[in-house]
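Structure first, then comments.
The values are calculated or read from the model by the stated rules, or taken from the named source; none is laboratory data. Note that the coordinates shown come from a computational prediction; the quantities given were computed from them, not determined experimentally. Glycine also receives a Cβ, built like all others from the backbone with ideal geometry; neighbour counts cover every protein chain displayed.
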């Protein structure tokens, strides 16, 4: 399912001449957006630290995420 969804999304991005996901992530990281990867999701999906962009905080638990989001101007949980 992930591969099909990725292919469809890449096609839409290309058709609409918008920035790629990689470009958007790199731009966000350059703007000091903090990305946190949930440890439970990493475990369930079989991801490890090497699967993420440099600069993504990995192994974050729910309590830590909520604490960090409480002090942020904008929070987005995906």
Here are some conditions: (1) surrounded by 11 or more Cβ atoms within 10 Å (Cβ to Cβ); (2) over 18 Å from residue 77 (Cα atoms); (3) not assigned by TED's automatic domain parsing to the domain that holds residue 7. Residue 50 meets all but one. Which one does it not meet?
-> (1)
Selection status of residue 19, part of a loop (DSSP other than H, G, I, E, B) and surrounded by 11 or more Cβ atoms within 10 Å (Cβ to Cβ) = yes
Which residue out of 28, 65 is surrounded by 12 or more Cβ atoms within 10 Å (Cβ to Cβ), over 21 Å from residue 6 (Cβ atoms) and within 14 Å of the chain's Cα centre (by Cα)?
-> 65
Condition set out of contact with any strand residue (DSSP E or B) (no Cβ under 8 Å at 6 or more places or on another chain) and more than 22 Å from residue 9 (Cβ to Cβ), scope region 32-46, selection surrounded by the fewest Cβ atoms within 10 Å (Cβ to Cβ): answer is 32
How many residues are at pLDDT 90 or above and within 19 Å of residue 21 (Cβ to Cβ) if we restrict to region 58-78?
-> 1
Please find, among 59, 55, the residue that is in contact with a strand residue (DSSP E or B) (Cβ under 8 Å, 6 or more places away or on another chain), on the phi > 0 side of the Ramachandran plot and surrounded by 11 or more Cβ atoms within 10 Å (Cβ to Cβ).
-> 59
